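Everything below concerns the one structure shown next.
Any read-out appearing in this document is the output of simple, stated calculations on the displayed coordinates, not a laboratory observation. Here the structure is a predicted model, which is why all the values come from computation and not from measurement. Using ideal geometry, Cβ is built from the backbone for each residue, glycine included, and neighbour counts are taken over all protein chains shown.
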């Protein structure tokens with residue numbers, strides 16, 4: 001299954017580690033993971049546009065802890081709901 005990772009990047013000092021850890025876990029289960037953490041240098045609109053483009057080609061979206069505090073992840077979640085994509089949520093411990 002192709003799974004897109006969605007979560008809070010702006011204001012999250014540990015976002016790279018959070019996304020990478022979940023990517024490795026899902027890949028170990030045999031999934032193809034789309035991790036939207038990009039090289040630095042793009043503006044916010046570009047990141048949103050690229051993320052939505054990648055999301056369109058996935059079977060599911062995985063919402064990382066704290067996603068609800070991110071405008072971008074909230075937009076991705078709304079898109080996934082609208083097209084009836086499978087949505088997974090990382091559990092809070």
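Any idea how far apart residue 88 and residue 43 come out in nm if each label point goes 7 Å out from Cα toward Cβ?
According to this spin-label approximation, the distance is 3.5 nm.
Of the listed values (1) 3, 14, 27, 28, 20, 7, 1; (2) 2, 13, 23, 22, 20, 14, 6, 1, 0; (3) 2, 11, 14, 14, 11, 10, 9, 7, 6, 5, 3, 2, 1, 1, 1, 0, grab the one calculated as P(r) over Cα pairs in 5 Å bins from 0, in percent from the structure here.
Structure-derived value, by its label: (1).
Counting each DSSP H run of 4 or more residues in the chain as -39500 (n - 2.57), what helix-only mean residue ellipticity at 222 nm follows after dividing by all residues, to the nearest 500 deg cm²/dmol?
Here the helix-only value at 222 nm equals -13000 deg cm²/dmol.
May I ask you to order 15-23, 80-88 by the average number of other C-beta atoms within 10 Å around their residues, highest value first?
Output ranking for 15-23, 80-88: 15-23, 80-88.
Taking every DSSP beta bridge that has both residues in the chain, what percent is antiparallel when rounded to the nearest 5?
Of all bridge pairs located within the chain, approximately 0 percent are antiparallel.
With a 10 Å radius around each residue's Cβ, average the other Cβ atoms per peptide and rank 5-11, 45-51, highest first.
Ranking the peptides 5-11, 45-51 by packing returns 5-11, 45-51.
Sequence gap at least 6, Cα distance under 8 Å: using those rules, report the relative contact order of the chain to the nearest whole percent.
Worked out over the chain, it gives 38 percent.
How do the peptides 56-63, 26-33 rank, highest first, by the average count of neighbouring beta carbon atoms within 10 Å per residue?
56-63, 26-33
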